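Take a look at the structure below.
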Amino acid sequence: MKPIERLHVYLQFRTISPHSFEKKIGLSNGYFSKQLRNLGSIGSDILIKIDHQYAELNILWVLTGQGEMLSPSLDTNNTIPLMQVDEYLNKYEVENKKMKVLESDLEKLNVVLKDKDKIISLYEVIANNKPVINPGKIEDSTGSFG
């Protein structure tokens, strides 16, 4: 999982909309969604802003995936049990894998659909150019022999 995806997990976990996230750390509207869609990277200046605005988020976890999503030192009132965070992360990873399989299947189906459309087009061409059958010879509508 890339850092942009881990950041997305955190935002979903905390039910923070991409728009409010962008606004809070001073990003342009749509920046986060575009980076997520393209699995882009997060610059150090943005990571610093994220660290200042979302102190509970373990920035090492965002970068490497190591450790816990929430900084244990800041979660002193233990409002969210770590087990709940782990369950959420596991669920996200499973759903993300399913999504990637579905996207792959969709691409394959689109290829099959395009092939089907080509076959139908070829059948239509054949149907419109019905060959004229003479004894011993086949002549198509253009007058050429096959």
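Tabulated data for the structure shown
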| read-out | value |
| --- | --- |
| Boolean, Y54 is free of Cβ contacts under 8 Å to residues at least 24 places away in the same chain, of a type outside the set (D, E, K, R) and surrounded by 13 or more Cβ atoms within 10 Å (Cβ to Cβ) | no |
| Exclusive hit being at pLDDT below 85 and assigned to a helix (DSSP H, G or I), set E93, E107 | E93 |
| When residues of the range 121-132 are limited to those that are surrounded by 10 or more Cβ atoms within 10 Å (Cβ to Cβ) and not aromatic (F, W, Y), the one modelled with the lowest pLDDT | V132 |
| Residue list for the range 27-41, restricted to those being in a helix (DSSP H, G or I) and either acidic (D, E) or within 12 Å of E5 (Cβ to Cβ) (or both) | F32, Q35, L36, R37 |
| Residue satisfying condition, being at pLDDT 85 or above and surrounded by 10 or more Cβ atoms within 10 Å (Cβ to Cβ), within set L82, L74, L60 | L60 |
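The values are calculated or read from the model by the stated rules, or taken from the named source; none is laboratory data. If you're wondering where the values come from, they're calculated on a predicted model, not measured in any experiment. All Cβ positions, glycine included, derive from the backbone under ideal geometry; neighbour counts span all protein chains shown.
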